[in-house]
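The values are calculated or read from the model by the stated rules, or taken from the named source; none is laboratory data. Fair warning: this is a prediction, and the values are worked out from it, not measured in the lab. Cβ atoms come from the backbone with ideal geometry, glycine included; neighbour counts cover every protein chain shown. When the accessible area is computed, the model is the full protein with side chains, heavy atoms only, and any ligands, DNA or RNA have been set aside. Shrake-Rupley method; radii C 1.70, N 1.55, O 1.52, S 1.80 Å.
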Amino acid sequence: MPNRTSGSTPRIGVLALQGDVREHLRALRAVGADPHPIRRTGELADLDAVVLPGGESTTIYKLAVAFGLFEPLREAIAAGLPAYGSCAGMIMLADRILDAAEGQRGFGGIDMTVRRNAFGRQVDSFEAEVDLAGLDGPVHGVFIRAPWVEQVGEAVTVLGRVGSGPAVGRIVAVRQGNLLATAFHPELTGDLRVHARFVDLVRARQR
Ligand code: GLN
(Lines give C-alpha, C1' and ligand atoms only; values in the text may rest on other atoms or scores of the structure.)
Protein backbone atom coordinates (compact mmCIF):
# COMPACT_ATOMS: atom_id res chain seq x y z
CA MET A 1 0.00 0.00 0.00
CA PRO A 2 1.50 3.35 -0.96
CA ASN A 3 2.09 5.73 1.89
CA ARG A 4 1.99 9.44 1.42
CA THR A 5 5.37 10.98 1.84
CA SER A 6 4.55 14.55 2.71
CA GLY A 7 2.60 16.56 5.19
CA SER A 8 2.61 16.88 8.93
CA THR A 9 -1.08 15.97 9.15
CA PRO A 10 -0.97 12.23 8.70
CA ARG A 11 -4.05 10.53 7.32
CA ILE A 12 -4.95 7.84 9.83
CA GLY A 13 -7.63 5.21 9.34
CA VAL A 14 -9.59 4.02 12.36
CA LEU A 15 -10.97 0.54 11.86
CA ALA A 16 -14.67 1.27 12.33
CA LEU A 17 -16.32 -2.14 12.49
CA GLN A 18 -17.01 -2.20 16.22
CA GLY A 19 -15.71 -0.61 19.41
CA ASP A 20 -14.79 2.87 20.58
CA VAL A 21 -14.17 4.33 17.14
CA ARG A 22 -15.48 7.84 17.85
CA GLU A 23 -13.19 8.30 20.83
CA HIS A 24 -10.12 7.45 18.74
CA LEU A 25 -11.25 9.75 15.92
CA ARG A 26 -11.63 12.58 18.41
CA ALA A 27 -8.26 11.96 20.10
CA LEU A 28 -6.44 11.75 16.76
CA ARG A 29 -8.03 14.97 15.53
CA ALA A 30 -7.05 16.68 18.77
CA VAL A 31 -3.37 15.81 18.28
CA GLY A 32 -3.28 17.13 14.73
CA ALA A 33 -3.91 14.05 12.60
CA ASP A 34 -6.50 13.63 9.84
CA PRO A 35 -8.51 10.59 10.98
CA HIS A 36 -10.98 8.62 8.85
CA PRO A 37 -13.24 5.73 9.79
CA ILE A 38 -12.47 2.62 7.73
CA ARG A 39 -15.21 0.16 6.80
CA ARG A 40 -14.35 -0.94 3.28
CA THR A 41 -11.28 -1.85 1.33
CA GLY A 42 -11.41 1.27 -0.87
CA GLU A 43 -10.89 3.37 2.23
CA LEU A 44 -7.48 1.78 2.88
CA ALA A 45 -5.83 3.71 0.06
CA ASP A 46 -3.39 6.49 0.94
CA LEU A 47 -3.35 5.89 4.67
CA ASP A 48 -0.26 6.85 6.64
CA ALA A 49 -1.33 4.69 9.58
CA VAL A 50 -4.19 2.77 11.11
CA VAL A 51 -5.72 2.62 14.59
CA LEU A 52 -7.41 -0.51 15.89
CA PRO A 53 -9.89 0.45 18.62
CA GLY A 54 -10.91 -1.29 21.79
CA GLY A 55 -14.04 -3.39 21.64
CA GLU A 56 -14.29 -7.12 21.20
CA SER A 57 -11.51 -8.75 19.21
CA THR A 58 -13.58 -11.79 18.18
CA THR A 59 -16.25 -9.50 16.71
CA ILE A 60 -13.68 -7.23 15.07
CA TYR A 61 -12.00 -10.29 13.54
CA LYS A 62 -15.28 -11.69 12.17
CA LEU A 63 -16.42 -8.36 10.78
CA ALA A 64 -13.01 -7.68 9.24
CA VAL A 65 -13.28 -10.98 7.37
CA ALA A 66 -16.90 -10.29 6.36
CA PHE A 67 -16.02 -6.82 5.06
CA GLY A 68 -13.01 -8.12 3.13
CA LEU A 69 -10.66 -6.02 5.26
CA PHE A 70 -8.83 -8.78 7.09
CA GLU A 71 -6.25 -9.83 4.48
CA PRO A 72 -5.57 -6.34 3.06
CA LEU A 73 -5.01 -4.92 6.53
CA ARG A 74 -2.90 -7.88 7.63
CA GLU A 75 -0.73 -7.43 4.56
CA ALA A 76 -0.48 -3.66 4.95
CA ILE A 77 0.62 -3.99 8.58
CA ALA A 78 3.12 -6.71 7.66
CA ALA A 79 4.45 -4.39 4.94
CA GLY A 80 5.12 -1.64 7.49
CA LEU A 81 1.93 0.43 7.79
CA PRO A 82 2.16 2.01 11.26
CA ALA A 83 -0.58 0.83 13.60
CA TYR A 84 -1.74 1.54 17.12
CA GLY A 85 -4.07 -0.86 18.91
CA SER A 86 -5.79 -0.34 22.26
CA CYS A 87 -7.14 -3.33 24.19
CA ALA A 88 -8.94 -5.44 21.55
CA GLY A 89 -6.66 -3.62 19.10
CA MET A 90 -3.63 -4.86 21.05
CA ILE A 91 -4.98 -8.39 20.70
CA MET A 92 -5.37 -7.84 16.94
CA LEU A 93 -1.67 -6.85 16.68
CA ALA A 94 -0.36 -9.86 18.64
CA ASP A 95 1.38 -12.68 16.84
CA ARG A 96 0.03 -15.11 19.46
CA ILE A 97 -3.28 -15.01 21.38
CA LEU A 98 -4.00 -17.07 24.50
CA ASP A 99 -7.63 -17.79 25.42
CA ALA A 100 -8.68 -16.92 21.90
CA ALA A 101 -12.15 -17.90 20.73
CA GLU A 102 -12.22 -20.83 18.36
CA GLY A 103 -10.93 -19.79 14.97
CA GLN A 104 -10.09 -16.27 16.13
CA ARG A 105 -7.14 -14.66 14.39
CA GLY A 106 -5.42 -11.32 14.60
CA PHE A 107 -3.54 -9.23 12.05
CA GLY A 108 -0.36 -9.90 14.02
CA GLY A 109 2.82 -7.88 13.60
CA ILE A 110 4.07 -7.63 17.17
CA ASP A 111 6.15 -10.59 18.32
CA MET A 112 4.25 -11.07 21.57
CA THR A 113 1.85 -13.42 23.31
CA VAL A 114 -1.22 -11.74 24.79
CA ARG A 115 -3.79 -13.30 27.07
CA ARG A 116 -7.36 -12.18 26.52
CA ASN A 117 -9.43 -11.11 29.54
CA ALA A 118 -6.29 -11.71 31.54
CA PHE A 119 -7.10 -9.71 34.64
CA GLY A 120 -9.85 -12.12 35.57
CA ARG A 121 -13.59 -12.03 36.00
CA GLN A 122 -13.44 -10.58 39.50
CA VAL A 123 -11.74 -7.47 38.25
CA ASP A 124 -13.31 -7.20 34.83
CA SER A 125 -12.60 -3.51 34.74
CA PHE A 126 -10.25 -1.45 36.83
CA GLU A 127 -8.03 1.58 36.70
CA ALA A 128 -4.34 1.81 37.51
CA GLU A 129 -1.43 4.12 36.90
CA VAL A 130 0.98 3.05 34.20
CA ASP A 131 4.46 4.52 33.86
CA LEU A 132 4.97 4.80 30.15
CA ALA A 133 8.53 5.07 28.86
CA GLY A 134 9.15 8.40 27.21
CA LEU A 135 6.14 10.16 28.72
CA ASP A 136 6.27 12.76 31.44
CA GLY A 137 4.46 11.27 34.43
CA PRO A 138 2.21 8.20 34.58
CA VAL A 139 -0.81 7.51 32.38
CA HIS A 140 -4.11 6.75 34.07
CA GLY A 141 -4.89 3.35 32.59
CA VAL A 142 -8.52 2.29 32.12
CA PHE A 143 -8.66 -1.49 31.72
CA ILE A 144 -11.90 -3.10 30.48
CA ARG A 145 -11.75 -6.89 30.18
CA ALA A 146 -8.24 -6.17 29.06
CA PRO A 147 -5.48 -8.45 27.86
CA TRP A 148 -1.97 -8.43 29.24
CA VAL A 149 1.24 -9.34 27.49
CA GLU A 150 2.68 -12.63 28.72
CA GLN A 151 5.79 -12.83 26.57
CA VAL A 152 7.65 -10.64 24.11
CA GLY A 153 10.29 -11.36 21.50
CA GLU A 154 13.60 -9.53 21.25
CA ALA A 155 12.37 -6.94 18.77
CA VAL A 156 9.68 -5.72 21.17
CA THR A 157 10.22 -2.79 23.54
CA VAL A 158 8.21 -2.94 26.74
CA LEU A 159 6.89 0.59 27.29
CA GLY A 160 4.70 0.15 30.33
CA ARG A 161 3.66 -2.09 33.17
CA VAL A 162 0.84 -1.93 35.70
CA GLY A 163 2.12 0.26 38.53
CA SER A 164 0.11 -1.02 41.50
CA GLY A 165 -2.47 -3.54 42.72
CA PRO A 166 -2.70 -7.32 42.26
CA ALA A 167 -1.52 -7.22 38.66
CA VAL A 168 1.49 -5.02 39.39
CA GLY A 169 4.31 -5.50 36.91
CA ARG A 170 2.20 -6.94 34.11
CA ILE A 171 3.19 -5.65 30.68
CA VAL A 172 0.46 -3.44 29.25
CA ALA A 173 2.20 -1.26 26.64
CA VAL A 174 4.65 -2.29 23.92
CA ARG A 175 6.21 -1.10 20.71
CA GLN A 176 7.80 -2.95 17.83
CA GLY A 177 8.96 -0.72 15.00
CA ASN A 178 5.94 1.12 13.64
CA LEU A 179 3.51 -0.81 15.82
CA LEU A 180 2.28 0.42 19.19
CA ALA A 181 -0.17 -1.32 21.50
CA THR A 182 -1.70 -0.66 24.92
CA ALA A 183 -3.94 -2.94 26.98
CA PHE A 184 -5.70 0.14 28.32
CA HIS A 185 -7.80 2.84 26.64
CA PRO A 186 -6.18 6.29 26.55
CA GLU A 187 -8.94 7.32 24.13
CA LEU A 188 -11.39 7.20 27.07
CA THR A 189 -9.54 9.44 29.51
CA GLY A 190 -8.85 12.66 27.62
CA ASP A 191 -5.10 12.14 28.11
CA LEU A 192 -3.82 12.65 24.59
CA ARG A 193 -0.18 11.73 25.15
CA VAL A 194 -0.35 8.19 23.78
CA HIS A 195 -2.09 9.35 20.59
CA ALA A 196 0.38 12.22 20.29
CA ARG A 197 3.23 9.77 20.63
CA PHE A 198 1.76 7.55 17.93
CA VAL A 199 1.25 10.47 15.57
CA ASP A 200 4.88 11.51 16.19
CA LEU A 201 5.96 8.00 15.27
CA VAL A 202 3.91 8.21 12.06
CA ARG A 203 5.35 11.63 11.20
CA ALA A 204 8.90 10.42 11.87
CA ARG A 205 8.36 7.60 9.43
CA GLN A 206 7.16 9.94 6.71
CA ARG A 207 10.34 11.96 6.67
N1 GLN B 1 -11.91 -8.65 26.00
C2 GLN B 1 -11.92 -7.97 24.75
C3 GLN B 1 -11.40 -8.85 23.62
O4 GLN B 1 -11.04 -9.95 23.81
C5 GLN B 1 -11.14 -6.68 24.76
C6 GLN B 1 -11.83 -5.66 25.63
C7 GLN B 1 -11.63 -4.24 25.21
O8 GLN B 1 -11.19 -3.93 24.10
N9 GLN B 1 -12.06 -3.35 26.06
O10 GLN B 1 -11.34 -8.39 22.52
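What is the projected area of the convex hull of the Cα atoms of the stretch 125-175, averaged over all directions, in nm²? It would help to have the intermediate numbers written out before the result.
Values: hull surface 14.2 nm².
Its Cα hull, projected and averaged over all orientations, spans 3.6 nm².
With every protein chain kept in place and ligands, DNA and RNA left out, what is the accessible area per residue of the chain? Probe 1.4 Å, answer in Å². Mind showing how you got there, number by number?
Working: 9060 Å² over 207 residues.
About 44 Å² of surface per residue is accessible.
In a shell of Cβ-Cβ distance under 14 Å around residue 196, excluding residue 196 itself, what net charge do Lys and Arg (+1) and Asp and Glu (-1) give? Display every interim value, and only then the final one.
Numbers: positive: 26, 29, 193, 197, 203; negative: 136, 187, 191, 200.
Around residue 196, the surrounding residues sum to +1.
Ignoring ligands, DNA and RNA, what percent of the accessible area of the stretch 1-125 is carbon or sulfur (1.4 Å)? Mind showing how you got there, number by number?
Details: 2480 of 5420 Å².
C and S fraction of accessible area: 46 percent.
Tell me whether the stretch 93-186 comes out rounded, prolate or oblate; compute the Cα gyration tensor, take square roots of the eigenvalues as a ≥ b ≥ c, and use a/c under 1.5 as the rounded threshold.
Numbers: a/c = 2.01, a/b = 1.12, b/c = 1.79.
Verdict is oblate for the stretch 93-186.
In terms of solvent-accessible area of protein heavy atoms at a 1.4 angstrom probe, what is the ranking of 84, 61, highest value first?
Values: 84 0, 61 40 Å².
Sorted descending by solvent-accessible area, the residues read 61, 84.
Output ³J(HN,Hα) for the stretch 47-54: one whole-Hz value per residue in order, computed from phi by the Karplus curve 6.51 cos²θ - 1.76 cosθ + 1.60 with θ = phi - 60°, and x for Gly and Pro.
Rounded to whole hertz, the list is 7, 8, 5, 9, 10, 10, x, x.
Return a whole-number percent for the relative contact order of the stretch 80-193, with Cα pairs under 8 Å and 6 or more residues apart as the contact set.
28
Protein chains only, probe 1.4 Å: how do 144, 91 rank by accessible area, largest first? Can you show the working numbers first?
Details: 144 55, 91 10 Å².
Putting 144, 91 in descending order of accessible area: 144, 91.
Please compute the net charge surrounding residue 172, taking Lys and Arg as +1 and Asp and Glu as -1 over other residues with Cβ under 13 Å from its Cβ.
Details: positive: 115, 161, 170, 175; negative: 127, 129, 131, 150.
Net charge around residue 172: 0.
Please work out how much accessible surface residue 40 shows to a 1.4 Å probe, ignoring ligands, DNA and RNA, in Å² rounded to 10.
Solvent-accessible area, nearest 10 Å²: 150 Å².
Using a ≥ b ≥ c from the Cα gyration tensor of the stretch 51-207 (square roots of the eigenvalues), is it rounded, prolate or oblate, where a/c under 1.5 gives rounded and otherwise the larger of a/b and b/c decides, a/b for prolate?
On the way: a/c = 1.63, a/b = 1.12, b/c = 1.45.
Oblate, because a/c is 1.5 or more while a/b does not exceed b/c.
Put a dot 7 Å past each Cα toward the Cβ at residue 193 and residue 99; how far apart are the dots in nm?
A separation of 2.8 nm, rounded to one decimal place.
At 7 Å along Cα-to-Cβ for each site, give me the label-to-label distance between residue 65 and residue 41 in nm.
Calculated label separation equals 1.7 nm.
Step through the residues of the stretch 62-74 one at a time and calculate ³J(HN,Hα) from phi using the Karplus curve (6.51 cos²θ - 1.76 cosθ + 1.60, θ = phi - 60°), rounding each to whole Hz and writing x for Gly and Pro.
My calculation for the stretch 62-74 gives 4, 5, 4, 5, 4, 8, x, 9, 4, 5, x, 6, 4 Hz in order.
For residue 30 and residue 131, calculate 0.36 nm times their separation in residues minus their Cα-Cα distance, and state this gained length in nm to one decimal. Mind showing how you got there, number by number?
On the way: separation 101, 0.36 × 101 = 36.36 nm, distance 2.25 nm.
Difference between extended and current length: 34.1 nm.
Considering only protein heavy atoms, with the full assembly of protein chains and a 1.4 angstrom probe, order 86, 164 by accessible area, largest first.
Values: 86 0, 164 65 Å².
Putting 86, 164 in descending order of accessible area: 164, 86.
Report the residue, chosen from 188, 159, 15, that carries the largest GNM mean-square fluctuation when the chain is represented by alpha-carbon nodes joined by springs under 10 Å.
Comparing 188, 159, 15 in the GNM, the peak value goes to 188.
Which of these, 66, 27, 181, has the largest mean-square fluctuation under a Gaussian network model of the chain (Cα springs below 10 Å)?
Looking only at 66, 27, 181, the largest GNM fluctuation is found for 66.
Could you grab the relative contact order for the chain? Cα pairs under 8 Å, six or more apart, rounded to a whole percent. Mind showing how you got there, number by number?
On the way: 469 pairs, mean separation 40.7, N = 207.
For the chain, the relative contact order is 20 percent.
Checking the a/c ratio against 1.5 first, then a/b against b/c, what shape does the Cα gyration tensor give for the stretch 6-93? Don't jump to the answer; show the numbers that get you there.
On the way: a/c = 1.72, a/b = 1.26, b/c = 1.36.
Note, shape of the stretch 6-93 comes out oblate.
To the nearest 10 square angstrom, how much accessible area does residue 75 have with a 1.4 angstrom probe?
100
If I ignore ligands, DNA and RNA and count only protein heavy atoms, how much of residue 157 is accessible to a 1.4 Å probe, in Å² to the nearest 10?
Near enough 70 Å² of accessible area.
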